[in-house]
Amino acid sequence: TTPFAMSDMHAVNTIRCLAADMVQAANSGHPGMPLGMAPVAYVLWKEYMNFNPSNPGWLNRDRFVLSNGHGCALLYSMLHLTGYDLPMDQLKKFRQVGSITPGHPENHLTPGVEVTTGPLGQGIANAVGMSLMHQHLRAMFPSLFTHRIFCFAGDGCLQEGVALEAISLAGHWGSEMVLIWDDNKISIDGSTDLSFTEDVPAKFRACGWEVLTVHHGDTDLDEIRRVLA
């Protein structure tokens, strides 16, 4: 496998700047999550996601769920850059009345958005349900359904009861979804250790999940690739 080049990191930084510009132009929104998760989004869309921008409803597409929906400037940036019907003009109208780039993703409004997410943790539960549906369909029609489920989540998502119940069920039923946790140790109130100090990897292992860690997720695209492989 060819290592990532400086041009790839330039692309990541372009995504970061695009998302931050959207928030700045709207004078509203959350730039932190896009800045931190742009590298993993870049690797995921470039090398792992199977999708068709000209047919967003393609039945066997990979599904991406943004549980930490407040970071949707990153999702809109990726959809725009990968060819979905989401022009730059709509990115410039982020969070504005009448746009198709609302402050949290809405699946009936924006091409490429799979799930409407806003309340933290909800997207994890949605992704677990989609994953279980996929496993059922693949068992019935193994040659037709090969898609995967990917989900981004933040610290706030993992503090919500609906997410924890779904995580437990997914481990029990052997879900094959990929949940990527943005362990950035910050919340809107300050450091997460004000209210959240549990051992998250240990909790997932106890629920039956395989847990892998990216140690340099801000800069090491090759490490992200190795963990996702």
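The values are calculated or read from the model by the stated rules, or taken from the named source; none is laboratory data. Worth saying up front: this structure is predicted, and the values here are computed from it rather than measured. Here the Cβ is made from the backbone with ideal geometry for all residues, glycine too, and neighbour counts use every protein chain on show. What goes into the accessible areas is simple: the full protein's heavy atoms, side chains included, and nothing from ligands, DNA or RNA. Shrake-Rupley method; radii C 1.70, N 1.55, O 1.52, S 1.80 Å.
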Can you say whether A127 is of a type in the set (A, V, I, L, M, F, W, C), open to solvent by less than 10 Å² (accessible area, probe 1.4 Å) and in a strand (DSSP E or B), as far as the supplied structure shows?
no
Find the helices (runs of 4 or more DSSP H) located wholly in region 135-229 whose residues include 3 or more that are open to solvent by 60 Å² or more (accessible area, probe 1.4 Å), and list them.
161-173, 200-206
Give the residue that is least open to solvent (accessible area, probe 1.4 Å), with candidates limited to residues of region 92-108 that are touching a residue at least 12 places away in the same chain (Cβ under 8 Å) and more than 18 Å from the chain's Cα centre (by Cα).
F94
Within region 55-91, residues in contact (Cβ under 8 Å) with a residue 40 or more places away in the chain and of a type in the set (V, I, T) come out as V65
Would you mind telling me which numbered condition in (1) within 30 Å of M133 (Cα to Cα); (2) more than 17 Å from the chain's Cα centre (by Cα) M33 fails?
(2)
Among the residues that make up region 208-218, is at least one of them among the charged types (D, E, K, R), under 17 Å from N68 (Cα atoms) and in contact (Cβ under 8 Å) with a residue 60 or more places away in the chain?
no
For region 49-60, give me the residue count where each residue is under 22 Å from L132 (Cα atoms) and open to solvent by less than 40 Å² (accessible area, probe 1.4 Å).
2
